[in-house]
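> After the structure tokens below, expect a handful of questions from me.
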Amino acid sequence: MIMNVTSCFDFLSNCESFTLDRKEIVSNLFGDLRKQIRVILEAMYENGNDYEIEIAHELRTRLSEWLTVPVPFDGALTNSLQLLGDRNTIERRWGDKVVRAFETAVSISESMQQNGSPMRRSLGDEIVKLLRENTSIQIYAHPRSVEHFLSLCNALTEEHFLYGNIEYAASEPFDVLLKVGPLRSVGWGKCPDALLTSPKFHTLAQFVWIGSSDEDSFGQDPVTGESVINILTNKTSLDVTDVCGALNWSLKTTRSGDTLPDPEHGVKDEPDEDDFSFLFRIQSRYADVNRERSAALIKFVNAYGILVPSHEAVLVYDPEKNDENDAIELVQPMGKHLEGCFFALPMIETADFGEVHVEKTNYSKIWKGCLTDVIKGHPKDLSELSQLLRMNKVSLLNLDGRLPEWCNPPSTVIPAPRKWEHFNALIAVLGKHYNKHELLADDFAKKAWVEIRRSRGNAINEGREEIRTQKELEFDLLKKMILKIVNANTGKNEFTVPVPPDHDLHGSYRFFLVESVEQGLVVPDTVLREIHSVTEFDIWRG
């Protein structure tokens, strides 16, 4: 339920001022680590092959998470760095500068584990203090980061969290909103402008690592026409006291943590470039050279999603327009609010891998059974399999955790590696090393991969999906099918409607209820138009 508009205005009119309490966390170790990772990422994005770029994406994801989530300083980043290989391998491939950055980063990462995170200490202390004082608080966070907040204070519950604009709009006024990371409208740690343009609190307590800047022009105030952030940082000469109805924000900045220089690693000042500006710069440069493109992530309410080109029209079904005869729409993913609509995904049964014919066989049941046999109840076999896959260039973080996930039965999609190279390596290792001979039959891996691709919705010829004319033909088809679509929508989060048998297109359409749309991702063509768990898309978030 959305908070009454009148109540919102009453709250705003009764507040004379609002405070952005920016708490900058200093860690000499983490500051130097970020610099070393920049050296590594710059080299890898400049000259890396596909395997090395995959590792670079994983490193970038890990760094982005540490900048926006109160994660503990554990061995996760060290494990990511070890994917680069040993010292001799790195030196031969990348040279002296990168190998020195690698060795320094590993050393710092190990030291960080011993010292703990000043971000977690500072944030935890503030939460405990506010709750002890009976201050009403809310925490703006991504759902997958909640566990890290809950580990800071036993008194926290799910009721203390806001996950997006919908939850924020429905909330009643409170005292303090806590947020980790810079204020950004896209990518990691993103949040709505409404936090600054329509506050429901008196104080925004922002915990941010020093050197991470807020997004330029964040919080565009409709009254002044200027960004609240720009006003607070003196990037504009506007005096809001001269503007009737403008919100009066003040900025308070404090620093805590390791504020003394670190003589061992030589860090004495702030990073010379904002982290996310750097990450965006190198990713954009790589995208320009390697045909990556801007994309929007359409998230479904069932924790899955799909990437589509930002400017490519998508087909949606809007149940609220059933009575208006225009419930089927062909729209830009950012051109309208898709929340509450159903994304229409064509599922075509004639999918081939070159000349490979796919029979009506459940290939996933076969290879998942073999994988389960190898790792079920045998931790040593799981570690051995992970090591063998890494030797075959399957460079994924938490591989020990992903292998059991791939054993899970099909649901919305078939849980499996995202890339063909990784899946082919998995089948080859299972077949040759663990004597699963049924997996070595002619074209088994290719047939199983087509089955996986079909479950992800990528069975249509990829070139055809980009043709506007084809989308318009599908639009006309769905309008003719509207009665079947309406009847099939029985209140579930997804449903399927078969294409009439007399139509040239044979198959069906799957409809997924949309939760939200995230823009600002830059991705290769190979990951577009496939359904995956939303966690699989983290490596492409800015």
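What follows draws every value from the coordinates through simple rules; no lab data is involved. Since the model is a prediction, treat every value here as computed from it, not as a measurement. Every residue, glycine among them, receives a Cβ derived from its backbone with ideal geometry; neighbour counts consider all protein chains shown.
> Separation of the stretch 97-123 and the stretch 168-220 by C-alpha centroid, Å?
27
> Treating cross-link reach as a plain straight distance, find the lysines whose alpha-carbon is under 23 Å from the alpha-carbon of Lys321, omitting any fewer than eight places away in the same chain.
Partners within reach: Lys299, Lys336, Lys471, Lys479, Lys480, Lys484, Lys492.
> So how much slack lies between Asn234 and His506, counting 0.36 nm per residue of separation and subtracting their Cα-Cα distance, in nm?
91.9 nm
> Sticking with this one: Sort 448-454, 98-104, 484-490 by the packing proxy (mean of other Cβ within 10 Å over each peptide's residues), most packed first. Could you put the intermediate results ahead of the total?
Numbers: 448-454: 21.9, 98-104: 18.6, 484-490: 14.1.
Packing order, densest peptide first, comes out as 448-454, 98-104, 484-490.
> Compute the distance in nm between two label points, each set 7 Å from the Cα along the Cα-to-Cβ direction, one at Glu133 and one at Ala428.
6.1
> Let me ask something else. Relative to the compact globular guide of 2.2 N^0.38 Å, what is the alpha carbon radius of gyration of the stretch 385-425, as a ratio?
Taking N as the residue count of the stretch 385-425, the ratio is 1.14.
> Right, here's the next one. Order these by the 10 Å Cβ neighbour count, fewest first: Lys393, Lys492. Can you show the working numbers first?
Working: Lys393 16, Lys492 10.
In increasing order of surrounding Cβ atoms, one gets Lys492, Lys393.
> Let me ask something additional. For Lys321 paired with Asn435, estimate the spin-label separation in nm (one decimal), with each label point 7 Å from Cα along the Cα-to-Cβ line.
6.1
> Just to confirm my numbers, what's the Cα centroid distance between the stretch 21-95 and the stretch 391-437 in Å?
Between the Cα centres of the stretch 21-95 and the stretch 391-437 lies a distance of 25 Å.
> Could I ask something else about it? Any idea what the alpha-carbon Rg over 2.2 N^0.38 Å comes to for the stretch 36-138?
Ratio of Cα Rg to 2.2 N^0.38 Å: 1.36.
> Students often forget the sequence filter, so: which lysines lie under 27 Å Cα-Cα from Lys432 once same-chain residues fewer than 8 apart are removed?
Straight-line reach from Lys432, under 27 Å: Lys360, Lys365, Lys368, Lys376, Lys380, Lys393, Lys419, Lys446, Lys447.
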